[in-house]
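Down below is the structure, laid out as structure tokens.
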Amino acid sequence: MSKTSQVLLSKSRYTAGLQCPRRLWLGRHRPDVAAEPDAARQAIFEMGHEVGVAAHALFPGGVLVDEPYYRHAAAEARTRALLADPDVPAIFEAAFTHAGVRIRVDLLERLGEGRFGLREVKASTAVKPAHVPDLAVQKFVLRGCGLEVPSAELVHVDKTYVREEGPIDWARLFRREDMSRDVDATLAGVERRVAEMHGVLALGQAPDEEPGRRCHEPYGCEFWDHCTADRSAEWHLSFKRADGERRARWVDALRTGRPWVSPDLGRALGVFEPPVWYLDFETIAPAIPLFPGTRPYQVIPVQWSLHRLARDGSLEHREYLAPAGTDPRFGLAQSLIDALRDDDVPILVWSRYEHRILGALAGDLPERAIALADVRGRLLDMHPLVREHVYHPGFAGSFSLKSVAPALAPGFGYGDLEAVADGTAAAAVLLRLQRGEVEEAEAPALRRALLAYCGRDTEALVRVHGALRDLASGRGF
Ligand code: SF4
């Protein structure tokens, strides 16, 4: 360890530092003010880990350095032993330190004649600009440790791969992109940046940085809430996408505290008159396809919820959750067709998501394509209706159902749901069930939680629709 590097950099600290020096400093000195990773971030992390481990299959005979991150010296010693063994074709999680930067390399491939290939695994489906500095800092460390590293590759998921019957074809699931030229072009600046970052880490307080769009690109910063705590609601609104007229409406609602309702709402609601159905799907999108005929990250519906509002105001609920461990597509499609076949009234949804899912299902199940196209043809999207005709300060610039429903229907929410309270958590639980990772004793409670959550989403549609009809008739707010 060099004298200037009391605080070591890592791959992730280096990329955080490239995004923002304040993020680098806070990450080291004030991790307590970082936001807890939400379910979505956690799911991305777990997906990345799963893909990283799966990529080991590309290098048969490779050896894992399984010392944990906090035992870096032991991991380095093990790495040195494996480097010296010419019979080891690849090393997974090899450990190195140079110039105050400590890394674990996803895959180090022995190329022969003392040379090695640097391989970084990403769960993404394409190369991104942010991947280049990630590889460059690793090559900087490897070279500093005396390794000859003529090639650098990004190993990522190929979304065109279609799983066949039997085991996964790993060589086709992953795509290997040669990044050597881009990495070498960046390498010259790494040493200076590393020195600058050590300078930042040695500061007595966090450097001032103005929060802005850079805080979300290339990665969402975990210190956003901390850095923007003193900013006004109006300032936060400026980051939401909207045209001038719409933004002015939002700001006005924020300043006055009064919702805005378009005079045309009643006319626009005409086609949404009961009787209507309300539909919501919950889905999985596994990076590594679970079922023959599916691709990486293919969105597969596993459950649905339907509410039906009759003309007399009575409400009926139906639901479906596919059995674990089987391809859910056929059973789900057939149950939905059966539930909706007795009438032809509109089916209200939120966003184009259900359209896309039904379209993909029809493509996958040609024998049900006509019936699914019929269901699809009945969908009516409430999202643009709200976007065009209502703004409530409680939306805070978001038209997601999770923002709109509690604002338009006070008292409604998801707060009482525990095991599954949002779509990301639902997807994670559904995936565990589908993979058979859930203990038998735990499964019934999780299935109940999933049904409760999906049912709450269609109830949200019911409540929003009711609030809109109240507003159009002069009631409400
Ligand atoms: S929120 Fe923005 S300004 Fe604050 S540390 Fe993160 S990237 Fe930097």
(request) Please give the number of the condition Thr228 fails out of (1) among the β-branched types (Val, Ile, Thr); (2) more than 16 Å from the ligand (Cβ to nearest atom); (3) more than 24 Å from Val132 (Cβ to Cβ). (result) (2)
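This table checks each residue for (1) over 26 Å from the mean Cα position of the chain (by Cα); (2) outside the structural domain of Gly17 (by TED's automatic domain parsing); (3) assigned to a helix (DSSP H, G or I).
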| residue | (1), (2), (3) |
| --- | --- |
| Leu142 | yes, no, yes |
| Val149 | yes, no, no |
| Lys159 | no, no, no |
| Gly166 | yes, no, no |
| Ala171 | no, no, yes |
(message) Consider segment 221-235. How many of its residues are of a type outside the set (Asp, Glu) and surrounded by 14 or more Cβ atoms within 10 Å (Cβ to Cβ)?
(response) 6
(request) Please tell me if Pro21 is within 16 Å of the ligand (Cβ to nearest atom), more than 23 Å from Val88 (Cα to Cα) and exposed (fewer than 14 other Cβ atoms within 10 Å of the Cβ). (result) no
(request) Determine, yes or no, whether Glu191 is more than 16 Å from the ligand (Cβ to nearest atom), assigned to a helix (DSSP H, G or I) and modelled with pLDDT of 95 or more. (result) yes
(request) Write out, first by first residue and then by second, each pair whose Cβ atoms fall under 6 Å of each other, whose residues are 6+ apart or on separate chains, and whose first residue, in segment 224-237, is assigned to a loop (DSSP other than H, G, I, E, B) while the second is within 13 Å of the ligand (Cβ to nearest atom). (result) Thr228/Pro211
(request) Could you tell me whether Glu67 is surrounded by 13 or more Cβ atoms within 10 Å (Cβ to Cβ) and in a loop (DSSP other than H, G, I, E, B)? (result) yes
(message) Out of everything in segment 204-217 that is loosely packed, with under 13 Cβ neighbours inside 10 Å and more than 8 Å from the ligand (Cβ to nearest atom), what residue ends up being farthest from the chain's Cα centre (by Cα)?
(response) Gly204
(message) From the list Arg13, Arg41, exactly one residue is outside any loop (DSSP other than H, G, I, E, B), within 16 Å of the ligand (Cβ to nearest atom) and surrounded by fewer than 18 Cβ atoms within 10 Å (Cβ to Cβ). Which is it?
(response) Arg41
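The values are calculated or read from the model by the stated rules, or taken from the named source; none is laboratory data. Small disclaimer: the values here were computed from a predicted structure and weren't measured. Neighbour counts run over all protein chains shown; Cβ positions are idealised from the backbone, glycine included.
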